[in-house]
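Structure first, then comments.
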Amino acid sequence: MPEYRYLHLDVFTDSPFTGNQLAVFLDAAGLDSDLMQTIAREMAFSETTFILPAETSDTDVRVRIFAPSTELLIAGHPTIGTTFALAHEGRIPRGRPTVTLGLGVGPTPVLLEWESDRLRFAWMMQPVPEFGAIQSDIESLAAALEVEEQDIRDTMLPVQVVSSGVPFLFVPLLSRAAVNAAVLDRGAVRRLCQAAELPELPVFVFSLESADDDATHFTNDMRDI
C-alpha cells in the first residue's frame, strides 16, 4: 500500500493545540478526488490540503482543499498553512517574496515575509468579492441565530450573500455582544435558504462595533461543511 506523508499544523497561532488545525499532504500525486475526500473525512479537521505538481506555468504548485464533506475552491487558513508547510519543507526558496498556489479559483499569489531563513508571515490575495442575493426575511434569520431582530435591523446594512470563491451569508449585527450570543440553528438556516431558493450557506456574522482600545471589527464564522 502506498504511503503519503503529511504535516499537522496549527494555523494562526504560535502555541500548540490552539488555532486552526490543518493536515497538509505534501506529495499527493496518485490520489484521486474520491480518495482525497475520504482522507479529509478521516482526518476530521475543518480542512485538509493536497499538494500536486503545478498545472499551469503561472503557478508553483497545485493545491486542492477538502473539508470533511466537500472540496473547497479557496479557503483562508488552508492557503496560509499550506504556504508555511511548503516553506518548512524547503520547497519555497528562502527569502523569496511571493509564491503562487493553483487553487480551485485559479492562480492565488501569497506574499511572503521572512525572518532570517524562517517564514514569518504570509498574505494571501483573494478574488474580488462578488455580491449576491439580499436576504429579506429578518424575522426568520434572527430566530435561526438566536438573536433579536433589532440586532440585525438597526445596523441599517443588508444581509447578503458574498463570495470570494466560497459563498457565505454575511449577517451584520449591532454589537459585539450580539455576535458573541449568536448560536447557529443549522436546520433553520437550511430552511431559510431553501425558501430563498439558495443552496445551504455558511453564515458569517459580524459587528462594526469596536473596542475602546482598538478598531477591529468583531466576527464569527459559523459553518458546518
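The values are calculated or read from the model by the stated rules, or taken from the named source; none is laboratory data. Predicted model, so just to flag it, every value in this text is computed and none were measured. In this analysis, Cβ positions are derived from the backbone assuming ideal geometry, glycine residues included, and neighbour counts consider all displayed protein chains.
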**Fill in**
Counting only residues in segment 1-20 that are more than 17 Å from the chain's Cα centre (by Cα) and among the aromatic types (Phe, Trp, Tyr), the one surrounded by the most Cβ atoms within 10 Å (Cβ to Cβ) is identified as Tyr6
**Message:** Looking at segment 48-59, can you tell me whether even one residue there is within 15 Å of the chain's Cα centre (by Cα) and either under 19 Å from Leu103 (Cβ atoms) or not in a helix (DSSP H, G or I) (or both)?
**Reply:** yes
**Request:** Could you tell me whether any residue of segment 14-36 is over 17 Å from Gly165 (Cβ atoms), touching a strand residue (DSSP E or B) at 6+ places or on another chain (Cβ under 8 Å), assigned to a helix (DSSP H, G or I) and not assigned by TED's automatic domain parsing to the domain that holds Phe168?
**Result:** yes
**Request:** Looking only at segment 77-89, decide whether some residue is outside any helix (DSSP H, G or I), closer than 22 Å to Met43 by Cβ and within 16 Å of the chain's Cα centre (by Cα).
**Result:** no
**Asked** Out of (1) under 21 Å from Glu89 (Cβ atoms); (2) free of Cβ contacts under 8 Å to residues at least 40 places away in the same chain; (3) exposed (fewer than 13 other Cβ atoms within 10 Å of the Cβ), the odd one out for Glu42 is which?
**Response** (1)
**Asked** Just checking, which of Glu113, Glu148 is over 21 Å from Val162 (Cα atoms), among the charged types (D, E, K, R), modelled with pLDDT of 95 or more and not assigned by TED's automatic domain parsing to the domain that holds Arg190?
**Response** Glu113
**Prompt:** Could we say that Val128 is surrounded by fewer than 15 Cβ atoms within 10 Å (Cβ to Cβ), hydrophobic (A, V, I, L, M, F, W, C) and farther than 26 Å from Gln194 by Cβ here?
**Reply:** yes
**Item:** Residues (surrounded by fewer than 20 Cβ atoms within 10 Å (Cβ to Cβ) and of a type outside the set (D, E, K, R)) located in segment 21-35
**Value:** Gln21, Leu26, Ala29, Gly30, Leu31, Ser33, Leu35
**Fill in**
Contact list, first residue from segment 126-144 and assigned to a strand (DSSP E or B), second anywhere and exposed (fewer than 14 other Cβ atoms within 10 Å of the Cβ) and of a type in the set (Asp, Glu), beta-carbon distance below 8 Å, six or more apart or interchain, is none
